[in-house]
Amino acid sequence: GQNIDQPTEMTATEGAIVQINCTYQTSGFNGLFWYQQHAGEAPTFLSYNVLDGLEEKGRFSSFLSRSKGYSYLLLKELQMKDSASYLCAVRGSLASGGSYIPTFGRGTSLIVHP
Amino acid sequence: KAGVTQTPRYLIKTRGQQVTLSCSPISGHRSVSWYQQTPGQGLQFLFEYFSETQRNKGNFPGRFSGRQFSNSRSEMNVSTLELGDSALYLCASSLGGDNTGELFFGEGSRLTVL
């Protein structure tokens with residue numbers, strides 16, 4: 001089965017750094033995604049990791065350790081607009097239909113306050 | 001380039017009714033997936049279509065069905081609505097034949113069942 005865990009809610013201060021963790025147990029592994037979803041809006045792609053290590057993209061970085069089943073999303077220089085839900089999604093084994101179906105965590109609601 | 005478009009954005013139905021939701025993917029994207037999003041369960045996979053064929057299906061009852069047309073537009077239908085079907089229904093499209101790329105989500109159709 002597939003199991004993805006991430007904290008339900010986190011709070012942080014504008015200008016600070018926050019790390020959102022994601023642990024997973026899946027049948028096979030073929031990549032991990034992070035998405036951002038503002039209230040009432042569509043989830044949007046942030047990052048993708050398939051190999052161990054850190055991927056940096058501006059203020060956002062994502063880390064993966066496949067042996068530990070662990071990833072984190074690091075947000076630097078937090079801004080008020082970063083208040084959103086952050087979704088961790090893991091692509092496991094190829095599904096029976098011949099394609100990959102990512103499994104999503106329940107999301108971490110990040111609140112950034114002044 | 002237009003994004004994923006879902007209609008209607010909001011709708012209210014009563015128990016026992018049925019509902020049809022529509023999704024127009026990004027031009028050139030042939031894979032369309034549907035997800036149900038609720039606060040308690042997060043994003044749950046419903047089904048995925050590619051070239052008018054359902055490739056994969058999640059663990060939802062037969063009341064949930066869908067189809068895809070030759071222009072890649074997709075519809076999902078929920079019959080005999082129950083209160084628990086109240087949720088945000090998200091459609092996502094991707095380019096790759098095996099769905100390896102990132103997902104591009106629409107803003108969703110928020111269904112309320114009374």
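Based on the Cα atoms of chain A, what semi-axes does the equivalent ellipsoid have, where each is the square root of 5 times one gyration tensor eigenvalue, given in whole Å with the largest first?
On the way: eigenvalues 125, 42, 28 Å².
Ellipsoid half-lengths, sorted descending, are 25, 15, 12 Å.
Might you work out the accessible area of residue B:95 for me, using a 1.4 Å probe with all protein chains in place, and round it to the nearest 10 Å²?
Surface open to solvent at residue B:95 totals about 120 Å².
Give me the percent of accessible area attributable to carbon and sulfur for chain B, probe 1.4 angstrom.
The nonpolar share, carbon plus sulfur, comes to 49 percent.
Using a 1.4 Å probe over the heavy atoms of the protein chains, calculate the carbon and sulfur portion of the accessible area of chain A as a whole percent.
C and S fraction of accessible area: 50 percent.
Can you give me the solvent accessible area of residue B:85 with a 1.4 Å probe, rounded to the nearest 10 Å²?
Only protein atoms counted, so the area is about 10 Å².
Projecting each Cα onto the charge dipole of the stretch A:5-110 (Lys/Arg +1, Asp/Glu -1 at the beta carbon, about the Cα centre), which of A:25, A:53, A:38 comes out farthest on the positive side?
Projecting each Cα onto the dipole axis, the largest value belongs to A:25.
Could you do me a favour and compute the accessible area per residue for the protein assembly as shown, 1.4 Å probe, result in Å²?
It amounts to 46 Å² per residue over the protein assembly as shown.
Please report, in debye to the nearest 20, how large the charge dipole of chain A is about its Cα centre when each Lys and Arg carries +1 at its beta carbon and each Asp and Glu carries -1 there.
Working: 8 positive and 9 negative charges, 47 e Å.
About 220 debye.
Report Rg (one decimal) and Dmax (nearest whole number) for the protein assembly as shown, counting Cα atoms only, units Å.
Using the Cα atoms of the protein assembly as shown, the pair Rg, Dmax is 17.5, 50 Å.
Give the lysines reachable from residue A:68 as a straight Cα distance under 28 Å; neighbours fewer than 8 places away on the same chain don't count.
A:57, A:76
If one takes the accessible area of chain A alone plus chain B alone and subtracts that of the pair, with a 1.4 Å probe, what total in Å², rounded to the nearest 100, results?
Adding both sides of the contact gives about 1700 Å².
How long is the stretch B:1-73 along each principal axis, judged by its Cα atoms, biggest number first, in Å?
Principal-axis extents of the stretch B:1-73 (Cα, largest first): 36, 25, 23 Å.
The values are calculated or read from the model by the stated rules, or taken from the named source; none is laboratory data. Please read all numbers here as calculations on a predicted model, not as lab measurements. Counting neighbours? That spans all protein chains shown, and the Cβs are built from the backbone with ideal geometry, glycine included. Ligands, DNA and RNA are stripped out before the accessible areas are found, and what is left, the full protein with its side chains, is counted by its heavy atoms. Shrake-Rupley method; radii C 1.70, N 1.55, O 1.52, S 1.80 Å.
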